[in-house]
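Here the structure comes first, spelled out in structure tokens, and everything after it is commentary.
Quick note: the coordinates plus some simple rules give every number you see, no bench work behind them. All values reported here derive from a predicted model rather than from experimental measurement. Quick reminder, even Gly has a Cβ in these numbers, built from the backbone with ideal geometry, and neighbours come from all protein chains shown.
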Amino acid sequence: MKNVTIEKATVEEAVKTALMELKAEREEVEIEVINEPSKGLFGLIGSKNAKVKVTVTDGPEERAERFIDVLLKKMSIKADYAVDFSDNVLKVDIVKINEDDKGIIIGKRGKNLDEIQFLLNLIVNKGRQNYVRVIFNVEDYRAKREETLKRLANKMADKCRYYKHKVRLEPMNPYERRIIHSTLQDQSDIITYSEGEEPYRKVVIDLK
């Protein structure tokens, strides 16, 4: 668990500084007051600052680790994972996992991956004032899926040009649809839009 020890004129100042250094909220930490401040003789000689030790016990990383430990145990899956929290983004990456278990966690077109990310997001952000963006991944699946979608977008745009009629893609989640839109947004002769209702909403590629 991450912790810092801070000395300041008052306990409150020390705690505030510690929370800033740890990038944590007060409800996520344990505070140990090592020394209370004292003014000393005549308020000058021998004065001491407050000294506190602040330890993160229920921050985004700790919540994520508890959730993933329970998830893997319930699914009877053996795997290692890495958790990184910086710039208000929490990344959880599953690594060293066999192909069968990898397929179970990812699900069809990443459906299970997205659902786990959704649950993890709820758990990590429960009661927090500052929102944390959560990204859940398995052996860099999302980057590979993004490249696949980019190739698909360009291929279907070429098909639209060749046959001179709109092309409808398979239903995708909002994240995947954004990749298609973004990939083709600078094409001078192509326009994209979404149609249908979730979870069957799909991207349409058409000529301008």
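For the stretch 166-188, a tally of residues being part of a loop (DSSP other than H, G, I, E, B), of a type in the set (D, E, K, R) and touching a Ser or Thr at 6+ places or on another chain (Cβ under 8 Å) returns 0.
Might you check whether a residue that is of a type in the set (D, E), assigned to a helix (DSSP H, G or I) and more than 18 Å from L19 (Cα to Cα) occurs anywhere in the stretch 45-65?
So in the stretch 45-65, the residues of a type in the set (D, E) come out as 58, 61-62, 65.
Still in the running and assigned to a helix (DSSP H, G or I): 61-62, 65.
From what is left, the residues that are more than 18 Å from L19 (Cα to Cα) are 65.
There is at least one residue in the stretch 45-65 that is of a type in the set (D, E), assigned to a helix (DSSP H, G or I) and more than 18 Å from L19 (Cα to Cα).
Applying the condition of being over 18 Å from P171 (Cβ atoms) and free of Cβ contacts under 8 Å to residues at least 60 places away in the same chain to the stretch 111-124 and asking which residue is surrounded by the fewest Cβ atoms within 10 Å (Cβ to Cβ) yields L122.
Checking each residue in the stretch 82-119 for being in a helix (DSSP H, G or I) and of a type in the set (K, R) picks out K102, K108, R109, K111.
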